[in-house]
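Engineer: Before anything else, here's the structure in question.
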Amino acid sequence: MLLVGLPFFFITRSVLATELLPRTVQLPGGATTLTTMRDVHGAVMTAITISFLAGLVGVFVMQSALQADRRLVLAGFRPTQVLGPRLLVVAATTVLVLVVSLGVTALSFTPRQWSAFALGNLLVGTTYGLLGTLAGAVVGRLGATYLVLFGAMLDLGVVQNPMFGAGEPPVWAAVLPGYASGRVIVDGAFADDFQRAPNSLSARAGWWCSFSA
């Protein structure tokens, strides 16, 4: 119920509560586009919702299985045999959250490129899902839940959010896990065709995927 119901509340409520004020957004390729704060909020809330829920799933899947997995390893199972099914659960749930969130987004906001928009949100969900599994194993369920919540809000909701500042993230935002996927989301939401980022967006995306794995 949480994974399916929360996107409706988060995304729809946020979009409807935002005024139709004009907003200039900096695209990854260096161009600018004029849109509205409501559309920007719709695109950003989709990413925040997916990252938080995927990270939360990672936290609870790993936390609920820690003791049992240790016993399975002691019983002779290889770590990859134990960890693989947990990651499959996280991946399947991330896809579920992605599909539901994109469906809810379509009710109030239409990205220019659905494929790029969906890819960016899949990347951010995968990144935070993996970070949630790591946080759940290291700092416990409660601490990891707060880390995922505040991490997603600060990263995607503030630093990467084109609603603030000049419409593009600051230079230091590239060190955060949501940077690469956030730029792909902005590109898919507001550009007519895929933009090549001048700061090696693809390399940063690959670096973060490797780090998370």
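Engineer: Going by average Cβ neighbours within 10 Å, how do the peptides 181-190, 23-32, 159-168 rank, with the highest at the top?
Structural biologist: 181-190, 159-168, 23-32
Engineer: Percent relative contact order of the range 2-212, based on C-alpha pairs within less than 8 angstrom and at least six residues apart?
Structural biologist: Relative contact order comes out at 31 percent.
Engineer: Grab the DSSP H runs of the chain that are 4 residues or longer, score each as -39,500 (n - 2.57), total them, divide by all residues and round the 222 nm result to the nearest 500 deg cm²/dmol.
Structural biologist: For the chain, the value works out to -22000 deg cm²/dmol.
Engineer: Still on this model: Using the Cα centre of the range 2-212 as origin and beta-carbon charges of +1 (Lys, Arg) and -1 (Asp, Glu), tell me which of M163, A152, L27 is placed farthest towards the positive end of the dipole.
Structural biologist: A152
Engineer: Highest first, please rank the peptides 38-47, 98-107 by the mean number of other Cβ atoms sitting within 10 Å of their residues.
Structural biologist: 38-47, 98-107
Engineer: Could you give the nm distance between label points at S64 and L154, where each point is 7 Å from its Cα heading toward the beta carbon?
Structural biologist: Going by the 7 Å Cα→Cβ label model, 2.9 nm.
Engineer: Once you charge only the Cβ atoms, +1 for Lys and Arg and -1 for Asp and Glu, what is the size of the charge dipole of the chain about its Cα centre, to the nearest 20 debye?
Structural biologist: I would put it at about 560 debye.
Engineer: Here is a follow-up. Could you work out how much longer the chain between L34 and F77 gets when fully extended? Use 0.36 nm per residue separation minus the Cα distance between them, nm to one decimal.
Structural biologist: Answer, rounded to one decimal: 9.9 nm.
We did not get these values from a lab; they are worked out from the coordinates using the rules stated. Here the structure is a predicted model, which is why all the values come from computation and not from measurement. All Cβ positions, glycine included, derive from the backbone under ideal geometry; neighbour counts span all protein chains shown.
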